[in-house]
Each structure stands twice: as structure tokens, then as C-alpha cells.
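Each remark here refers to the structure printed beneath this line.
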Amino acid sequence: MNRLTLTAGTACTLIGPPGSGKSTFAAQWPDTWRVSLDLYRKLAADTATDQSATPVALQIQALLLDARLARGLTAIVDSTNLRAPARAGLLARAAHWQRPTVAVLFDAPLATVQAQNVGRDRVVPAHVVREFHSLLPTVDQLHDEGWDTVHLASALGARPNSPNVR
Ligand code: GTP
Ligand code: MG
């Protein structure tokens, strides 16, 4: 995979259903760049899937995103980000700090995502993957929302060897 060049201070947001490869993609950069709801749910509740920990995870995500963007450090937001209000919140923080925004859209077909999902340790129910996949925005929609740059993950190429990420 040709690693995407991210200008320092970029708010890079990954957009895709569970199992689409967001965390695998994020693992190309230092761990500290990654802002992850799954990780913060796990830190709060010992399990990344405990949705009761989502409110605190969102607070941690917002704090760390601000902390990094304020310093001109890149942040990679590794959560599904399939709902427009969630994306608008991220765009607003980047605008506040006057940082460039990049969206990476994980556009693999549903069958591919389902196969990747069942092939890993943490399997998300198939109906959840399908529902989230149906929420994928288009590139035009993302440009209209105000993202400076939009990339299709499919155009960035398949990764050769990925670490086992969660
Ligand atoms: P959630 O954290 O549940 O939202 O999923 P995710 O989008 O972070 O997906 P993740 O990176 O965990 O990838 C899911 C599975 O697909 C893992 O087993 C990865 O190794 C695999 N995978 C990710 N990207 C690719 C890819 O480009 N090609 C192939 N063949 N497998 C991939
Ligand atoms: Mg992940």
C-alpha cells in the first residue's frame, strides 16, 4: 500500500462499517496518532463492545482530538463515523483549530466486509455490519459536508501484511 501522506496537524477521519479495515489502515502510523472509540470503551469498561461506555469514550475522543490538533499534531479518528452529525462534530473541531481535514472512505462491497469481519477474533453480528454498510456516504456527499480531501480506501490499495489489530 502506498502510505497516504498526511500533512502535520491533519484531522484524518476514517469512515466505514465494522470490519472494513479502518484499524488496519490506521496501524500504518504511530499509535499515538490514533483516536479510537473502541480503545476508550475498552479502557473504561474492559470491553470495546460495551456501548454503555460510548458516552465516556466520546468525551475522551473529543479531549484527545483537541489536544492533538491544538499542538499541530495529526490525529486519525478510527471509528465508524457513518452518521453525518458525528462527522460534522469532527469537522467543527478541525475548523476550530484551522487544521486540514482528510476523509478516508472504506468503500469495499458488503460481501468483502462481511468476509473480513468473520475472519477476525472480534466478530460483529452480520446484521450490524449490513446496517452500517448501508450508511456509507458518497464521495460527493463528503465533499459537500466540507472535507478538504476525500480518499477511497480501495484506491489506496490493499495492504500487503497487516498486524493483528483490534
Ligand atoms: P471495527 O473496529 O469493528 O470498526 O473494524 P475495522 O474497520 O477497524 O476493521 P479491521 O481493521 O479490524 O479489519 C477487519 C479484518 O479485515 C481484520 O482481520 C483485518 O486483518 C482484515 N483487513 C483489513 N484490511 C484488509 C485489506 O485491505 N484486505 C484484506 N484482505 N483484509 C483486510
Ligand atoms: Mg477497528
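The values are calculated or read from the model by the stated rules, or taken from the named source; none is laboratory data. No experiment lies behind these values; they were computed from the predicted model shown. Heads up, the Cβs are rebuilt from the backbone with ideal geometry, glycines too, and the neighbour counts pull from every protein chain shown. Surface areas here come from the heavy atoms of the whole protein model, side chains and all, with no ligands, DNA or RNA. Shrake-Rupley method; radii C 1.70, N 1.55, O 1.52, S 1.80 Å.
Dipole magnitude for the stretch 11-156: about 240 debye, using +1 per Lys or Arg Cβ and -1 per Asp or Glu Cβ, origin at the Cα centre. Extension gain, residue 47 to residue 83, is 10.7 nm, computed as 0.36 nm per intervening residue step minus the present C-alpha separation.
Determine which residues of the stretch 74-101 fall in the zone a paramagnetic label at residue 7 would reach in this model, i.e. backbone nitrogen under 17 Å from the point 7 Å along Cα→Cβ. Only 74-76, 91-101 pass the distance filter.
With both labels modelled 7 Å from their Cα along Cα-to-Cβ, the residue 139 to residue 29 distance reads 2.1 nm. When you count the other C-beta atoms within 10 angstrom of each residue and take the mean per peptide, 90-96, 109-115, 11-17 line up highest first as 11-17, 90-96, 109-115.
Using the 1.4 Å probe convention, the accessible area of the stretch 11-156 works out to 48 Å² per residue with neighbouring protein chains retained. Altogether, the Stokes-Einstein calculation at 25 °C and 0.890 mPa s, with the Kirkwood radius of the stretch 1-139 over Cα pairs as Rh, returns a diffusion coefficient of 160 µm²/s. Shown for the stretch 1-131: the carbon plus sulfur share of the solvent-accessible area, taken with all protein chains present and a 1.4 angstrom probe, equals 58%. Considering all different alpha carbon pairs of the stretch 93-134, the Kirkwood hydrodynamic radius works out to 12.4 Å. Once the Cα-Cα distance is subtracted from the 0.36 nm per residue extended length, the residue 54 to residue 66 segment shows a gain of 2.5 nm.
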